[in-house]
Amino acid sequence: KVEPGQRIALVGPTGCGKTTLVNLLMRFYEINGGTLRLDGHPIDTVTRDSLRGNLGMVLQETWLKAGTIAENIAYGKPGATRQEIEAAARLAGAEKFILALKDGYDTYVGERGVKLSGGQKQRIAIARVFLKNPPILILDEATSALDNESEILVGQSLEKLAHGRTTLTIAHRLTTIKDYDRILVLGEEGIVEQGTHAQLLEKQGVYYRLWNQLPAEDGE
């Protein structure tokens with residue numbers, strides 16, 4: 001159960017179901033057992049348009065379409081004004097690099113954003129979500145593929161974006177989620193541990209070993 005405004009992190013080894021959980025929440029595919037509810041409503045009774053209109057995602061691999069930077073940001077809110085697009089870019093920390101480009105917001109970025117760096121593409125993705133302004137935010141390894149400098153810049157933008165929103169983060173680098181309200185450690189059997197960073201370290205269990213990069217114990 002996640003309360004409005006809480007920041008929840010999902011951690012665990014590859015293949016434990018972190019991304020699957022997010023995909024179920026987005027209804028990229030349907031659940032075949034158990035119940036997933038949003039505001040008390042079974043998720044399969046909520047239309048996909050309504051559901052996804054209340055969710056914002058920033059993924060490890062950012063998708064950009066062939067077109068201008070302004071068009072790519074506006075994808076978060078079709079029909080957005082130029083003023084709204086530029087305001088979202090400022091909030092995402094993207095305005096400086098955009099204005100440094102020859103054509104600014106009208107710069108053509110090409111299929112998949114090949115003319116931009118990884119950090120720049122991530123900040124455009126963050127600007128999209130600022131423009132959309134959803135109450136629920138999903139971050140899936142959003143900084144794990146970036147260099148150190150870009151990770152810091154994007155991390156600052158994500159902190160601003162997450163403020164006041166219910167945030168579900170799939171984390172690879174545990175240092176990015178140690179201040180979260182609750183951390184869920186997933187394993188083959190589901191949630192194997194949960195608590196704050198301090199509580200989980202005190203248990204000296206799975207999370208403790210992940211934090212200290214220790215090998216898993218036999219049978220886990």
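Going by the conditions given, is residue 20 of a type in the set (Ser, Thr, Tyr) and either part of a loop (DSSP other than H, G, I, E, B) or buried (at least 16 other Cβ atoms within 10 Å of the Cβ) (or both)? Judged against the criteria, residue 20 is not a match. Residues that are open to solvent by 30 Å² or more (accessible area, probe 1.4 Å) and among the hydrophobic types (A, V, I, L, M, F, W, C) within segment 88-135 comprise 91, 99, 100, 101, 114, listed in sequence order. Candidates in segment 119-160 are the residues that are among the polar types (S, T, N, Q) and part of a loop (DSSP other than H, G, I, E, B); of these, the one that is farthest from residue 10 (Cα to Cα) is 133. Within segment 178-203, restricting attention to residues that are in a loop (DSSP other than H, G, I, E, B) and modelled with pLDDT under 90, the residue that is least open to solvent (accessible area, probe 1.4 Å) is 178. Return the total of residues in segment 79-100 being more than 20 Å from residue 147 (Cβ to Cβ) and either assigned to a loop (DSSP other than H, G, I, E, B) or more than 22 Å from the chain's Cα centre (by Cα) (or both). Count: 6.
Testing residue 76 on (1) closer than 23 Å to residue 158 by Cβ; (2) open to solvent by less than 90 Å² (accessible area, probe 1.4 Å); (3) without any contact (Cβ under 8 Å) to a residue 24 or more places away in the chain, one condition comes back false. Which one is that? All conditions pass for residue 76, except number (3). Could we say that residue 58 is within 18 Å of the chain's Cα centre (by Cα) and either part of a strand (DSSP E or B) or modelled with pLDDT of 90 or more (or both) here? For residue 58, the condition - within 18 Å of the chain's Cα centre (by Cα) and either part of a strand (DSSP E or B) or modelled with pLDDT of 90 or more (or both) - is met. The condition of being more than 14 Å from the chain's Cα centre (by Cα), surrounded by 13 or more Cβ atoms within 10 Å (Cβ to Cβ) and farther than 19 Å from residue 211 by Cα holds for only one of 158, 153, that being 153.
The values are calculated or read from the model by the stated rules, or taken from the named source; none is laboratory data. What you see is a predicted model; the values in this text were computed from it and never measured. Cβ atoms come from the backbone with ideal geometry, glycine included; neighbour counts cover every protein chain shown. Heavy atoms of the whole protein, side chains included, go into the accessibility calculation; ligands, DNA and RNA do not. Shrake-Rupley method; radii C 1.70, N 1.55, O 1.52, S 1.80 Å.
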